[in-house]
Amino acid sequence: MASLHIKNFGPIVDSSKIKLTSLMVLIGRQSAGKSTFMKVLCYCRWIEKKIMVSTDDILNQYTHYSRFVKELKQFHRLNDEYFMEDTELMYDGDNITIEYTGVNGNAKIVRKKSFAEKRYNTKLSYIPAERNLISAIQNVDKTYKATERDVLFNFIYEWDEAKTPYTSEYPFKLSATGGFSYVNKSGADILVGEDGTETPAFFASSGMQSVMPLDVMTNYITERVGQNASLSMHEYNEIGKTDNDHSYRRLEYQSAQLFIEEPEQNLYPESQKLVMMNLVRSLKKALANGSERSMAVVTTHSPYVMSVVNVLLTAAIVCEKGLEQSVIEKDCILPSKAISGYFIDKNGEFQNIMDKEVPMLSGNDLDGVSDWVDESISKLNKILFA
């Protein structure tokens, strides 16, 4: 099982060795390190994908001239303050390992012994909290011009690819309440109501501007599993020559990997539930269509998101015990071991929040305000009704 261990990097003091599961939930206060961990993980998975797919010696390029750390800083917009003399990034992937220490050194990247026959292609996407920019800013693809390719520029670029299939003939029904569907009309993002009313995404509510790219991107990325990968004709030919027995693993996407910031953004609780159910449904379909494990990493501040995950976790346990249930659709149920959760405390350390006895993900650290509400109401009522 792949894992990532981060020490003394930005706000993260020690993540401990985090084993990757199909669905991972990260919670914690603002600036605790949730997105920091996810960005490093996404970057390492992306480096691994490049090395697995490439017919050239890409590995050697990322172990010289500080390229590994330079591209990490540039793409995920991390400044020098994240890196310290005792920084350690230790990634144990499916087919490679990456070790990085210090400030401006080089990464040590090693292929595993089974690399040649086990390498594969995967489809990745980082869905940032700023995703509603594609709707809130008209012609954002022309307005946002990064001097170098960063995570926002990349998301805008991916959005143009992801929305292509969802035309008027093939609308995509969004998961949020309201019955809206997404349609790409000659490049314009349109929301279509149940009565057929069309609204440009620019004029939609902030909630719809948030859920539209999240839903569409999630569906598009996971639907790519089992389909032909985006490769040039030269790459197809080279892979066929050098890897005949296992070439299909690189010519077709074998998994999907999603990294999602705050899926609850601007959404009513019912819509938060629907978004998470749609995510897990899409993830399960990808797991069934690929030979490698698909995964989704989610950062959240929402107790509703946590509650939905716990409902799905309980449903999984019911099914694993051989008991019948009709509460949760089976296409939304992952194996219980495929779900994990972590809380990043104020000291920058990770805590596993899976209660193995129940089992459920503990939301106590996320919903501490409820205790304050109960205590304050009790004290005020004593004064009011003394």
Q: Consider LYS337 carefully, then state whether it is open to solvent by 30 Å² or more (accessible area, probe 1.4 Å), assigned to a helix (DSSP H, G or I), within 24 Å of LYS34 (Cβ to Cβ) and not polar (S, T, N, Q).
A: yes
Q. Restricting attention to the range 245-256, does a residue exist that is modelled with pLDDT of 95 or more, open to solvent by less than 20 Å² (accessible area, probe 1.4 Å) and of a type in the set (A, V, I, L, M, F, W, C)?
A. yes
Q: Considering each of SER376, SER370 in turn, give the residue that is in a helix (DSSP H, G or I), out of contact with any Leu (no Cβ under 8 Å at 6 or more places or on another chain) and open to solvent by less than 40 Å² (accessible area, probe 1.4 Å).
A: SER376
**Q.** Enumeration of residues in the range 233-244 that are open to solvent by 10 Å² or more (accessible area, probe 1.4 Å) and either part of a helix (DSSP H, G or I) or at pLDDT 70 or above (or both)
**A.** MET233, HIS234, GLU235, TYR236, ASN237, GLU238, GLY240, LYS241, THR242
Q.
Of everything in the range 86-137, what is of a type in the set (Gly, Ala, Ser), under 14 Å from THR63 (Cα atoms) and at pLDDT 95 or above? Give them in sequence order.
A. ALA107
Q) Which ranges mark the helices (runs of 4 or more DSSP H) fully within the range 1-120 that have 3 or more residues being farther than 15 Å from TYR342 by Cβ, out of contact with any Asp or Glu (no Cβ under 9 Å at 6 or more places or on another chain) and not β-branched (Val, Ile, Thr)? A) 34-53, 58-61, 67-76
(Q) Can you go through TYR170, TYR182, TYR220 and tell me which one is open to solvent by less than 20 Å² (accessible area, probe 1.4 Å) and either at pLDDT 95 or above or part of a loop (DSSP other than H, G, I, E, B) (or both)? (A) TYR182
Q | Scope the range 264-279; condition surrounded by 24 or more Cβ atoms within 10 Å (Cβ to Cβ) and within 15 Å of MET24 (Cα to Cα); matching residues | A | MET276, LEU279
Q) Any idea which residue in the range 190-204 is surrounded by the fewest Cβ atoms within 10 Å (Cβ to Cβ), counting only those that are out of contact with any strand residue (DSSP E or B) (no Cβ under 7 Å at 6 or more places or on another chain) and acidic (Asp, Glu)? A) ASP195
Q. If you take the residues in the range 2-29 that are surrounded by 20 or more Cβ atoms within 10 Å (Cβ to Cβ) and of a type in the set (S, T, N, Q), which one is nearest to THR101 (Cα to Cα)?
A. SER15
Q. Has the range 102-109 got at least one residue that is farther than 13 Å from GLY10 by Cβ and under 21 Å from the mean Cα position of the chain (by Cα)?
A. no
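Among the residues of the range 302-332, what is the count of those that are among the aliphatic types (A, V, I, L, M) and open to solvent by 60 Å² or more (accessible area, probe 1.4 Å)?
Matching residues across the range 302-332 total 3.
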Q: With respect to LYS34, determine if the residue is open to solvent by 10 Å² or more (accessible area, probe 1.4 Å), modelled with pLDDT of 95 or more and closer than 29 Å to SER247 by Cα.
A: no
**Q.** Residue ID - nearest to LEU231 (Cα to Cα), chosen from residues in the range 103-123 that are in contact with a strand residue (DSSP E or B) (Cβ under 9 Å, 6 or more places away or on another chain) and surrounded by fewer than 19 Cβ atoms within 10 Å (Cβ to Cβ)
**A.** PHE115
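The values are calculated or read from the model by the stated rules, or taken from the named source; none is laboratory data. Bear in mind the structure is a predicted one, so any value in this text is a computation, not a measurement. All Cβ positions, even for glycine, are placed from backbone atoms using ideal geometry, and neighbour counts span all protein chains on display. Note: areas computed on protein heavy atoms with side chains; ligands, DNA, RNA excluded. Shrake-Rupley method; radii C 1.70, N 1.55, O 1.52, S 1.80 Å.
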